[in-house]
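Colleague: This is the structure, below, for whatever I ask next.
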Amino acid sequence: MEYLLNIVPAIAGGLEITLQIFVITIVLSLPLGILMSIARISRIMPLRKFMGAYIYVMRGTPLMLQILFIYYGLPFIIEGLRLPDFPAAIIAFVFNYAAYFAEIFRGGIQSIDKGQYEGAKVLGMTYVQTMRRIILPQVVKRVLPPVANETINLLKDTSLVYILAMNDILRITRSIVQRDFDTTAFVVAAVFYLFFTFILTKVFTYLEKRYAVYDE
């Protein structure tokens, strides 16, 4: 028990990095994903093709590879550009998850009946007004389950920053295990991840029930 009480605060110290990456990625990637989804279904073909290719690349390559490319690869492409570890991680996470959210929102937007666009046009609404007032509120309700799934995946993916030697939960846990030759730290780290996953699950369950009430 004494050993457990000693390692829990140390592992908890990695929460700062883990939660910072999680919160910043969610705050930036969700609105960016919405904009990308609109561009993905745009009538402007070059924009639509470019966004389709971008999403394909980001979803088709590992997030770890993207992190390594931004941190180690960019200096070879743009001489003198060497990002610190935290900004490099944030850029990789935001642009990766924005691509996933873009596909989720694209599916949600295309699931809305076209008659609603025509009705909004009759009322004199612009495309932006139609999306903001009519389409997107319905889309949010429909995409909550897949968005919840990606959000939980993001929480777990934050552990990938250990490859940049950032002191997140996983890196601190691994160093404790290697130092003490005891796997108890892995169990403690798992409890931390499960705890936050439980909170996220409860939040999204509440949101889904709240939107379900509006359908009745």
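Colleague: Work out the charge dipole of the chain with +1 on the Cβ of Lys and Arg and -1 on the Cβ of Asp and Glu about the Cα centre, then indicate which of Met36, Ile17, Leu155 is farthest towards its positive end.
Modeller: Checking the options against the dipole of the chain, the answer is Met36.
Colleague: What does the charge count near Leu4 come to, summing +1 for each Lys or Arg and -1 for each Asp or Glu among other residues with Cβ under 13 Å from its Cβ?
Modeller: Net charge around Leu4: -3.
Colleague: Full extension from Lys114 to Glu79: what is 0.36 nm times the residue separation minus their Cα-Cα distance, to one decimal in nm?
Modeller: 7.7 nm
Colleague: Can you give the extra length, in nm with one decimal, that the chain gains between Leu65 and Leu15 once fully stretched, where that is 0.36 nm per residue apart less the Cα-Cα distance?
Modeller: 15.7 nm
Colleague: Separate question: Hey, what's the chain come to in accessible area per residue, 1.4 Å probe, Å²?
Modeller: About 58 Å² of surface per residue is accessible.
Colleague: Taking K and R as +1 and D and E as -1, what net charge do the other residues with C-beta under 12 Å from the C-beta of Ile21 add up to?
Modeller: Once all neighbours under 12 Å are counted, the net charge is -3.
Colleague: If contacts are Cα pairs under 8 angstrom and at least 6 residues apart, what is the relative contact order of the stretch 108-207 in percent?
Modeller: The value is 23 percent.
Colleague: Sort out for me the Cα centre separation of the stretch 161-210 from the stretch 10-32, rounded to whole Å.
Modeller: Taking the Cα centre of the stretch 10-32 as reference, the centre of the stretch 161-210 is 12 Å away.
Colleague: May I pose another question? What distance in nm separates the two pseudo spin-label positions at Val122 and Glu208, each 7 Å out from Cα along the beta-carbon direction?
Modeller: About 3.5 nm, to one decimal.
Colleague: What shape does the chain have by the C-alpha gyration tensor, where a ≥ b ≥ c are the square roots of the eigenvalues, rounded means a/c under 1.5, and otherwise prolate means a/b greater than b/c and oblate the rest?
Modeller: Oblate, since a/c reaches 1.5 and b/c is not below a/b.
Colleague: Give the accessible area for Tyr100 in Å² (nearest 10); use a 1.4 Å probe, count only protein heavy atoms, and leave out ligands, DNA and RNA.
Modeller: Looks like 60 Å² after rounding.
Colleague: Please list Phe192, Phe95, Phe76 in order of solvent-accessible area, largest first, computed with a 1.4 Å probe with all protein chains present.
Modeller: Ranked list, largest accessible area first: Phe76, Phe95, Phe192.
Colleague: Note down the magnitude of the dipole of the stretch 116-216 about its Cα centre, charges +1 on Lys and Arg C-beta and -1 on Asp and Glu C-beta and zero elsewhere, to the nearest 20 debye.
Modeller: Charge dipole, the stretch 116-216, about its Cα centre: 280 debye, nearest 20.
Colleague: Using label points projected 7 Å from each Cα along Cα→Cβ, tell me how many nm separate Phe195 and Val27, to one decimal.
Modeller: Simple spin-label model gives 2.3 nm for this pair.
Colleague: What percentage of the solvent-accessible surface of the stretch 1-40, computed with a 1.4 Å probe over protein heavy atoms, is contributed by carbon and sulfur atoms?
Modeller: Summing carbon and sulfur atoms, their accessible area is 75 percent of the total for the stretch 1-40.
Colleague: A further question on this structure: Which of the GluC sites (Glu not before Pro) found in the stretch 57-118 are loop residues per DSSP with 14 or fewer other Cβ atoms within 10 Å of their Cβ?
Modeller: Hits after loop and neighbour filter: Glu79.
Colleague: Please compute the modelled spin-label separation between Leu4 and Gln178, points set 7 Å along Cα→Cβ, answer in nm with one decimal.
Modeller: The modelled label-to-label distance comes out at 2.7 nm.
The values are calculated or read from the model by the stated rules, or taken from the named source; none is laboratory data. Just so we're clear, the structure is a prediction, and the values are computed from it rather than from any experiment. Counting neighbours? That spans all protein chains shown, and the Cβs are built from the backbone with ideal geometry, glycine included. Only protein heavy atoms, including side chains, enter the accessible area calculation; ligands, DNA and RNA are left aside. Shrake-Rupley method; radii C 1.70, N 1.55, O 1.52, S 1.80 Å.
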